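The values are calculated or read from the model by the stated rules, or taken from the named source; none is laboratory data. Since the structure is predicted, the reported quantities are computational estimates derived from the model, not experimental observations. Ideal geometry is used to build each Cβ from the backbone, glycine not excepted, and the neighbour counts take in all protein chains shown. Surface areas here come from the heavy atoms of the whole protein model, side chains and all, with no ligands, DNA or RNA. Shrake-Rupley method; radii C 1.70, N 1.55, O 1.52, S 1.80 Å.
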Amino acid sequence: QVQLVESGGGLVQAGGSLRLSCAASGRTFSIITMGWFRQSPGKEREFVAAIKWNGGDTVYADSVKGPFVISRDNAKNTMYLQANSLKPEDTAVYYCAAGRAILPTTPGEYRYWGQGTQVTVSS
């Protein structure tokens with residue numbers, strides 16, 4: 001019912017920045033919250049940030065609070081993650097997610113997922 005496509009990942013040196021995008025299509029009227037998760041090999045999928053579609057309320061993981069900023073453009077059905085001051089430990093596949101709960105922080109609370117975009121930070 002909802003399709004999500006991430007873009008904007010790539011290779012960046014420590015201290016650099018990337019802006020990730022997530023475009024939603026289909027029955028987007030059902031979306032209450034969109035969020036970002038990341039996953040490294042051998043690690044569980046980790047919550048990064050989420051934003052409420054109407055109102056713009058946000059929540060961040062402690063590990064990214066400050067350097068990372070989540071935003072959205074309702075007219076374009078697009079969510080963004082501005083990732084600044086990147087560190088090697090930020091290296092992961094970043095996934096876009098959407099659901100009908102209000103600002104959830106666990107993967108099971110999201111209904112739709114994108115395919116992921118790779119972010120690699122070199123030292």
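Out of the range 71-102, which residues are part of a strand (DSSP E or B) and over 20 Å from residue 30 (Cα atoms)? I'd like the intermediate steps shown before the answer.
Of the residues in the range 71-102, the ones part of a strand (DSSP E or B) are 71-73, 78-83, 92-99.
Of everything in the range 71-102, those that are part of a strand (DSSP E or B) and over 20 Å from residue 30 (Cα atoms) turn out to be 81, 82, 83, 92, 93, 94.
Within the bounds of the range 62-76, is there any residue that is within 17 Å of residue 4 (Cα to Cα) and of a type in the set (A, V, I, L, M, F, W, C)?
Within the range 62-76, one or more residues are within 17 Å of residue 4 (Cα to Cα) and of a type in the set (A, V, I, L, M, F, W, C).
Among residues belonging to the range 28-52 that are in a loop (DSSP other than H, G, I, E, B) and at pLDDT below 95, point out the one that is surrounded by the most Cβ atoms within 10 Å (Cβ to Cβ).
We begin by selecting, within the range 28-52, every residue in a loop (DSSP other than H, G, I, E, B); these are 31-32, 40-45.
Keeping just the survivors that are at pLDDT below 95 gives 41-42.
Values: 41: 7, 42: 5.
The selected residue is 41.
In the range 15-22, is there at least one residue being part of a loop (DSSP other than H, G, I, E, B) and crowded, with 17+ Cβ neighbours inside 10 Å?
There is no residue in the range 15-22 that is part of a loop (DSSP other than H, G, I, E, B) and crowded, with 17+ Cβ neighbours inside 10 Å.
Could you look through the range 100-119, keep only residues that are over 14 Å from the mean Cα position of the chain (by Cα) and closer than 17 Å to residue 70 by Cβ, and pick out the one that is most open to solvent (accessible area, probe 1.4 Å)?
Within the range 100-119, the match that is most open to solvent (accessible area, probe 1.4 Å) is 102.
Say we look at the range 103-123 and pick out the residues that are assigned to a loop (DSSP other than H, G, I, E, B) and not hydroxyl-bearing (Ser, Thr, Tyr); which of these is farthest from residue 40 (Cα to Cα)?
103
Give me a count of the residues in the range 53-66 that are open to solvent by 50 Å² or more (accessible area, probe 1.4 Å), assigned to a loop (DSSP other than H, G, I, E, B) and either out of contact with any Leu (no Cβ under 8 Å at 6 or more places or on another chain) or modelled with pLDDT under 95 (or both).
5
Out of the residues in the range 67-99 that are among the acidic types (Asp, Glu) and within 16 Å of residue 8 (Cβ to Cβ), state the one that is least open to solvent (accessible area, probe 1.4 Å).
90
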